[in-house]
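Novice: Dumping the structure here so I can ask a few things about it.
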Amino acid sequence: SAEVFQVNDLLEQAKQLSVQDSAILLAEQALEISLNEQYEEGTTKAYQLLANMHSKQNNFAESLRHLLQLIPILEKNEDIEALHDAFLQVGNIYLEESLHAQALNYFKKAKNLYPSKTDITALERMEMAYSNAGVPDSALLLLEEIYTYHKAADNYVGKVNALERRTDNYLFKKDYQSALTSNQDLLELATSQGQDREIAIAYNNIAYNYIKLNNYQQAVDNFTMAKVINDGNDMGEEATLNINMAICYHNMGDTDNAINYLKAAQAMLPNDEVWRQCRVHQLISSVYLSQNDFYNAQFYNDLGMNQAKEINSATQLSESYRQAGEIHESLYEFEEALEYYTLHLQLEDSLRTVEKLRQQELLQQQLE
């Protein structure tokens with residue numbers, strides 16, 4: 001019919017448009033006509049397209065609304081493949097917004113659509129939901145299955161990711177010895193494949209484990225190995241290694257080396273990486289503050305604070321305010337200290353409020 005042709009034409013035009021807002025308007029027109037004409041295929045395609053377009057714009061509440069309207073149609077038509085994708089999309093939205101129980105529910109629904117085979121995508125998303133929810137034991141059980149799957153398929157990237165995720169969960173449990181063993185497995189795997197980047201990362205991670213085990217000299221030795229392998233090829237990675245070396249030396253009481261490595265890291269960071277520069281300035285400030293060098297502590301914290309304002313980073317700005325409060329308190333400037341502590345707490349409260357509002361909006365979409 002003419003309406004069917006019109007719907008398909010609108011959807012095709014929407015796909016071609018680079019301006020997302022205009023594309024969404026066309027897709028909404030197609031959806032309205034499809035619903036009026038009870039053209040189910042057009043309705044399905046319109047919901048799918050709208051969900052994807054809103055997701056690209058990080059408008060997760062609208063994306064979720066369209067997906068939750070789409071799912072009953074797919075269930076009725078037993079369109080297993082499309083239903084699987086929709087369940088994963090809904091789960092990903094909930095995961096993005098830290099609604100872990102809801103995310104897990106939809107990832108399990110996706111997995112249950114294929115009971116006779118290993119749905120590796122759903123398993124990996126379930127593991128992430130458990131990890132993010134702070135349930136490491138459940139995550140670790142899934143990671144055994146995930147690693148076995150990738151090992152059987154001889155999938156190097158899959159094995160690396162599984163080992164890295166396993167390490168993260170051991171770290172969350174504060175089981176630093178198991179995390180160290182996991183990272184040594186990663187080093188062995190990367191070495192067997194001659195993958196320098198992963199070898200350097202493994203040494204970096206092993207060094208981090210030694211920091212947690214309060215063995216700072218072993219940590220320095222492993223960071224040094226990582227730096228030798230990286231050999232300045234990846235300046236971002238080199239900067240990270242210098243920051244980590246600085247933390248080690250600071251913990252060993254070697255303030256001069258800590259400052260030198262932090263300043264070396266700062267010099268390596270490109271101008272557009274303002275967030276990382278801000279973080280390094282705050283770390284330099286912390287080292288100076290620990291030495292009661294209040295002038296340099298304030299100088300570098302002010303640098304970080306101005307950079308946080310420049311990029312509108314509420315989390316970094318909050319940290320700068322807290323640090324400024326500590327500096328003024330150490331100088332017995334209690335009125336200024338109170339002012340900065342208040343700004344820090346207000347910003348922390350507003351960040352929590354924004355996150356709660358986003359979660360409530362998504363839950364309201366599901367309820368409707």
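The values are calculated or read from the model by the stated rules, or taken from the named source; none is laboratory data. Note that the coordinates shown come from a computational prediction; the quantities given were computed from them, not determined experimentally. Reconstructed Cβ throughout: ideal geometry from the backbone, glycine too, with neighbour counts over all protein chains shown. Just the protein is used for accessible areas: all its heavy atoms, side chains included, with ligands, DNA and RNA removed. Shrake-Rupley method; radii C 1.70, N 1.55, O 1.52, S 1.80 Å.
Novice: Which numbered condition in (1) over 26 Å from Ile120 (Cα atoms); (2) open to solvent by 20 Å² or more (accessible area, probe 1.4 Å); (3) out of contact with any Lys or Arg (no Cβ under 7 Å at 6 or more places or on another chain) is the only one that Tyr176 fails?
Specialist: Evaluating Tyr176 over (1) over 26 Å from Ile120 (Cα atoms); (2) open to solvent by 20 Å² or more (accessible area, probe 1.4 Å); (3) out of contact with any Lys or Arg (no Cβ under 7 Å at 6 or more places or on another chain) leaves (3) as the failure.
Novice: Next question. Among the listed residues Leu88, Leu141, which satisfies the condition of being over 30 Å from Ala226 (Cβ atoms), exposed (fewer than 15 other Cβ atoms within 10 Å of the Cβ), at pLDDT 95 or above and within 23 Å of the chain's Cα centre (by Cα)? Spell out how you get there, then give the answer.
Specialist: Numbers: Leu88 fails: exposed (fewer than 15 other Cβ atoms within 10 Å of the Cβ).
After applying the criteria, what remains is Leu141.
Novice: Something else: Of the conditions (1) assigned to a loop (DSSP other than H, G, I, E, B); (2) on the phi < 0 side of the Ramachandran plot; (3) of a type in the set (Asp, Glu), Asp168 fails just one. Which one is it?
Specialist: Single failed check for Asp168: (1).
Novice: OK, next. Determine, yes or no, whether Asn58 is at pLDDT below 90 and open to solvent by 60 Å² or more (accessible area, probe 1.4 Å). Give the derivation first.
Specialist: Numbers: at pLDDT below 90: yes; open to solvent by 60 Å² or more (accessible area, probe 1.4 Å): yes.
Yes; evaluated as a whole, the condition is true for this residue.
Novice: Within the set of pairs 6+ apart or on separate chains, which have a first residue in segment 29-40 that is without any contact (Cβ under 8 Å) to a residue 12 or more places away in the chain, a second that is open to solvent by less than 40 Å² (accessible area, probe 1.4 Å) and not basic (Lys, Arg), and C-beta atoms under 8 Å apart?
Specialist: What qualifies is Leu35/Thr43.
Novice: Look at Leu64 and say whether it is open to solvent by less than 40 Å² (accessible area, probe 1.4 Å) and without any contact (Cβ under 8 Å) to a residue 40 or more places away in the chain. I'd like the intermediate steps shown before the answer.
Specialist: Details: open to solvent by less than 40 Å² (accessible area, probe 1.4 Å): yes; without any contact (Cβ under 8 Å) to a residue 40 or more places away in the chain: no.
Criteria not met by Leu64.
Novice: Hey, can you tell me all the residues within segment 218-255 that are open to solvent by 40 Å² or more (accessible area, probe 1.4 Å) and not in a helix (DSSP H, G or I)?
Specialist: Result: Asp231, Asn233, Asp234, Met252, Gly253, Asp254.
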